Structures are given as C-alpha cells and as structure tokens.
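The values are calculated or read from the model by the stated rules, or taken from the named source; none is laboratory data. As the structure is a prediction and not an experimental result, all values here were calculated from the model. Heads up, the Cβs are rebuilt from the backbone with ideal geometry, glycines too, and the neighbour counts pull from every protein chain shown. SASA here: full protein model, heavy atoms, side chains in, ligands and nucleic acids out. Shrake-Rupley method; radii C 1.70, N 1.55, O 1.52, S 1.80 Å.
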Amino acid sequence: MKTVGVIGLGDMGFAMAKNLIKGGFVACGYDPRAERRELLDGAGGTGLASARAVGERATAVFVMVLNGDQAKAAILAEDGVAAGMARGGTVIVSATIKPAEVREIAAALAQRGLSVIDTPVSGGRAGAEAGTLTMMAAAPVAVLEAQMDVLKAVGENIHHVGEEIGMGQTVKGALQAVMGATMASIYEAMVLGAKAGIPPDTLVRVFTTRSAGSRRMQGNMEAVA
C-alpha cells in the first residue's frame, strides 16, 4: 500500500489527506501546529514532527503551503522533505507559487534523484473536501502516470498542461487572471444596476439566465445582492 504525505494541514491540505485515506492510501503529514497534526491522527492518518519525517515514510508528498518561501523551506531545508526521501520519490507541489520558484525546487530535487509534479489546484476548500479539485499538472508523462492514482484521490479534473516544470503555475496564473477579471466585471455591473435603482435580485435573475451566466457569477452576485 502506497504511503503518501501532505505538508501543510490547513483546510486544503487536511481535506486532501482525508481523501487520500478514503482512497486507500496510508497518509502521513506535517504542519507546524500540533493541533493540526493531532487532527490528522484522529482522521486515520499519522501526524509527524517534521517534513523530513514525512519524506522518510512517503514515496509521494503533496506540498500545500501558503507561498514559495514556505514551499522551498518545507522541501529543501535540512529538516525538509528532500532530506528524508529516498531516490525515486516524487514531490507534488500543489501550492500556488511562482513558476521560477517551482523550477528552482525541481532543479534541486533532480540532483537528489527526486521528481516533481508542478500542479497547483483550483476548487477551494469545497473542492478539496469533495475530492473534486481541478489540477493543472506539469511533469514528464512517466512521472505523472506513476502518480495518477494519488492525484485522482484528491482531484476530479486532472489536466496535463505540459512536461516543463513551471507550466502548471503559469496556467494557474492565467486562470486567476480570468477569475479576477470576471469578479471585477460582476461587481461593476451590480454597482451600475444598483445606482440606477434596479433591485439586486432582478440583476441576479437576468444575468444568470443569459449566455454570460455561470456558477461563479451566480454565487458572487447572490453574495452581494
């Protein structure tokens, strides 16, 4: 049975760990907060005292942290994942960081005989809890296929966006640009209608039944209506 690790047991990482357990994997994880490690223990996994300890047990490790500095520390520091992981292991960078940062990580890991899957995610906490995340995965085909069972335990839509590390983060950046522009246009439209005296529920009803409508539009409009 494959052992899979998760570094970062916040709302996203903990939900992913639970889905790994549900999928039949042995799950271990690290978070600097003891209460989050204990939460994983209670869910059927094993909370460990360091990222290195996770690397020592797991053949694949998700890194779901806040930013690139945290990702580099969790993976490359003396007590990081790479220090404990055996050659042939795979680090799955599911955090959203800069393309240059994930390329730096991959270059360092390659010297240790470790692979990287650059796969930021979309779907938020709800998607993480339901195991329906969208994953934008960049990695050589063989590396991706070897961990596809692991990825499918946490994600529903797994897109291979290229073999070059950094492409996953680039696609995520492009997606965020679209989402940001969409949200800005929704709020501007709501303000325009409100200033003209149009009831917010009327705007929601009309906008969400036209071709421009979407679940994101409806959710954001209803939140401010």
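Things worth noting here:
- Of the helices (runs of 4 or more DSSP H) that lie entirely inside the stretch 112-225, those containing 1 or more residues that are at pLDDT 85 or above and either in contact with a Cys (Cβ under 7 Å, 6 or more places away or on another chain) or farther than 21 Å from residue 81 by Cβ (or both) span 124-130, 141-146, 148-154, 167-195, 200-207.
- Within the stretch 45-70, the set of residues being within 13 Å of residue 9 (Cα to Cα) and either assigned to a strand (DSSP E or B) or touching a strand residue (DSSP E or B) at 6+ places or on another chain (Cβ under 7 Å) (or both) comprises 45, 46, 47, 48, 50, 51, 54, 61, 62, 63, 64, 65.
- Taken as a whole, the stretch 10-27 holds no residue that is open to solvent by less than 10 Å² (accessible area, probe 1.4 Å), closer than 20 Å to residue 87 by Cβ, within 18 Å of the chain's Cα centre (by Cα) and at pLDDT 95 or above.
- Test: residue 36 is of a type outside the set (A, V, I, L, M, F, W, C) and within 23 Å of residue 120 (Cβ to Cβ): yes
- Residues located in the stretch 184-211, provided they are in contact (Cβ under 8 Å) with a residue 24 or more places away in the chain and either open to solvent by less than 60 Å² (accessible area, probe 1.4 Å) or in contact with a Phe, Trp or Tyr (Cβ under 6 Å, 6 or more places away or on another chain) (or both): 186, 190, 200
- Matching option when the condition is touching a residue at least 12 places away in the same chain (Cβ under 8 Å), open to solvent by less than 30 Å² (accessible area, probe 1.4 Å) and either in contact with a Cys (Cβ under 9 Å, 6 or more places away or on another chain) or within 24 Å of residue 155 (Cα to Cα) (or both), among 47, 84, 88: 47
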